[in-house]
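Working notes, structure below.
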Amino acid sequence: MTAHLISVIGNSPGVGKSTVCRAVAEWLTGTGASVDHFEEADILTRPAFRPVADEFADGAGAVRPETLVACTRSYVAESLRAGHDHLVTDALLPFIPSLVAWGHSEDAIAHVVEELARAVDPFQVTVVYVRDDPETALRRAIEREGDAWGDWYVRKLADSPGTRDVHDLASAADHLRRESDLTCRLLAQSPWRLLTVDVSTLSAPEAAAHTRRRLTMILGRSAVTAAEG
């Protein structure tokens, strides 16, 4: 049986990425598969990613790309030993928003994606890219989290080397559009499957159901197909 890593990422806060990721993990767990659901905050607490947490906490506010690759390799090895059928990760691979914010060039990020592709072997990778208009999604996030969150998000981008041109919500949305274009270019060059989920006209349950149907075709497992029924 082939092991799969399903990386759920979003092009903006507020697109419902974590909701989709959680739904995928619960669905696959319900088929009887061994599933590891790697939530976004887990990167600071998982043993395999301890070096990431240590580097981030040392005051630099950034992590070396080689540390991200090494920790990903450790996580994959740990998961193989545990016998997991599926790894379902929230905002893990391929770290593009962080690498952009830390000031890395497109060529440098492309190299990191190539290294990550080697690090996750022998897992087959599908990237679920949840997308909406960034300004619409950001306003949704602010409605959910409050105005203080919006101020914090703009300030976080403005204070990062690669995103210092951000100064308000509109410029944050412009940055996210450029980052989305970059993400699509880099993923198109990778060996990974890309499943794009446009949520602009979908409710959260509809987005989860759409993702589940598409993944059923990609994974091609009889147990998953049976669960769909």
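One table, with the values for the structure above:
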quantity	calculated
The range 116-214 - percent of accessible surface contributed by carbon and sulfur, probe 1.4 Å	47 percent
Prolate/oblate/rounded label for the range 93-216 (Cα gyration tensor, a/c 1.5)	oblate
Calculated [θ] (222 nm, deg cm²/dmol) that DSSP helices of n ≥ 4 give over the chain, each run adding -39,500 (n - 2.57)	-17500 deg cm²/dmol
The range 1-114, accessible surface, carbon-and-sulfur percent (1.4 angstrom probe)	52 percent
Within a Gaussian network of the chain (alpha carbon springs, distance under 10 Å), most fluctuating of PRO97, PRO13, PRO47	PRO47
Accessible area in square angstrom per residue, the chain, 1.4 angstrom probe	47 Å²
Relative contact order of the chain, defined on C-alpha pairs under 8 angstrom at six or more residues apart (%)	30 percent
Kirkwood-Stokes translational diffusion coefficient of the range 1-55, alpha-carbon pairs, 25 °C, 0.890 mPa s, µm²/s	191 µm²/s
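The values are calculated or read from the model by the stated rules, or taken from the named source; none is laboratory data. All figures in this text were calculated on a predicted structure; none of them were measured in a lab. With ligands, DNA and RNA removed, areas are computed over all heavy atoms of the protein, side chains included. Shrake-Rupley method; radii C 1.70, N 1.55, O 1.52, S 1.80 Å.
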